[in-house]
1. Run the 1.4 Å probe and let me know the accessible area of F35, rounded to the nearest 10 Å².
2. Counting other Cβ atoms within 10 Å, keep those with at most 16, restrict to DSSP loop, and tell me which GluC sites (Glu not before Pro) in the stretch 109-217 are left.
3. Enter the accessible area of S214 (Å², nearest 10), with the probe set to 1.4 Å and all protein chains included.
4. Averaged per residue, what accessible surface does the stretch 127-213 expose to a 1.4 Å probe, in Å²?
5. Take the solvent-accessible surface of the protein heavy atoms, probe 1.4 Å, and return the percent of it on the stretch 137-217 that carbon and sulfur atoms account for.
6. In whole angstrom, how long is each semi-axis of the equivalent ellipsoid of the stretch 172-217, when you take the square root of 5 times every eigenvalue of its Cα gyration tensor and sort them from largest down?
7. If you take the square roots of the eigenvalues of the alpha-carbon gyration tensor of the stretch 134-217 and sort them as a ≥ b ≥ c, do you get rounded (a/c under 1.5), prolate (a/b over b/c) or oblate?
8. Can you sort F172, F147 by solvent-accessible area, 1.4 Å probe, largest first?
Amino acid sequence: METTRRAEGRVRPVPGGASTPEGGRALDGYLRAPFPWYGLDEAFTGPRWLTQVGTAADGTVRHGSTGHGEEPSIRPEAAAREPGAFAVVVTVAAHPVRGDGTGVLDATSVSSAAWLAGSGLLAYTWPPQLDHALRDEWLDQQTETAFELAHDLEGPAWTTLSLPVDGAPRPFHYRESAFGWVLAGSTARDVHLGAYGRGMSAYGLAFTVVADISAYA
C-alpha cells in the first residue's frame, strides 16, 4: 500500500493512493511478496479488493493491504453520500534491523503495522468540506498524531482485544476515533498485522492467510 513511503517515517498519507485505476490492480506486486498475505476469513462474504504494495529501494515487497466491503473513495460524489462499511487488513513483513550489504534496512514492528493502518484510515476520512490548502494542514496534524499513537501502543489511547488469527486467538492493540478504528498485532508467521475500517465492527473480525490472492483482484 503506497500510502506511505516508509513504514516508520513521518510521511503524510497520500489520499486515494491506496487504490490503482480500474483494471490496473497491482496483483503482480502481491505475487512477488516473500511472505503470506492476510485477509478476513470465510465468514466474510462481501466484496474483496486489493490496494497496492509498498516496496523497499531494491524492489522487495515490504507490505500491502487487502480490502473488504465497500471500497472507500475520496471523490466528491462519494463524499456526498453515506460512507459504506469496509475493513482493510495490512500485512507487514516482520524483521529486525539488518544490513543488506549497502546499508541498514528499517526494522518493522507492530508499531509499523499500527502506523500504516492509521495513515491508511486517514487517507479515506479527511473531511470532504475542506479545501485543498486546509486539507493538507489537517492531514499534517492528523498524520503526526497517528505516528505518535502508533509508537505508544501501551499508552491510554489503546485498549486490547483478542481476535482469531488462523483459528487461534491473538492479542491486538485497538483504538477508535471519529474517523473509524485501527488495530495492530502480530502473527505466528513472521508478519505483523494492522487493520482499519469503519461501519464494520472490529470485534467480530477473524484473520486468515489468503489462499489465492488473485481472488481479490
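The values are calculated or read from the model by the stated rules, or taken from the named source; none is laboratory data. All of these numbers come straight from a predicted model, not from anything done at the bench. Every residue, glycine among them, receives a Cβ derived from its backbone with ideal geometry; neighbour counts consider all protein chains shown. Remember, those area values only see protein heavy atoms, side chains included, never the ligands or the DNA or RNA. Shrake-Rupley method; radii C 1.70, N 1.55, O 1.52, S 1.80 Å.
1. Accessible surface of F35 is approximately 20 Å².
2. Numbers: sites: E137, E144, E148, E154, E176; in loops: E154.
Listed in order of number, the matching sites are E154.
3. 50
4. Values: 4440 Å² over 87 residues.
On a per-residue basis, the stretch 127-213 sits at 51 Å².
5. Details: 1980 of 3880 Å².
Result for the stretch 137-217: 51 percent of the exposed heavy-atom area is carbon or sulfur.
6. In descending order the semi-axes read 21, 15, 9 Å.
7. Working: a/c = 2.03, a/b = 1.50, b/c = 1.35.
The shape class here is prolate.
8. On the way: F172 5, F147 25 Å².
Result of the area sort, largest leading: F147, F172.
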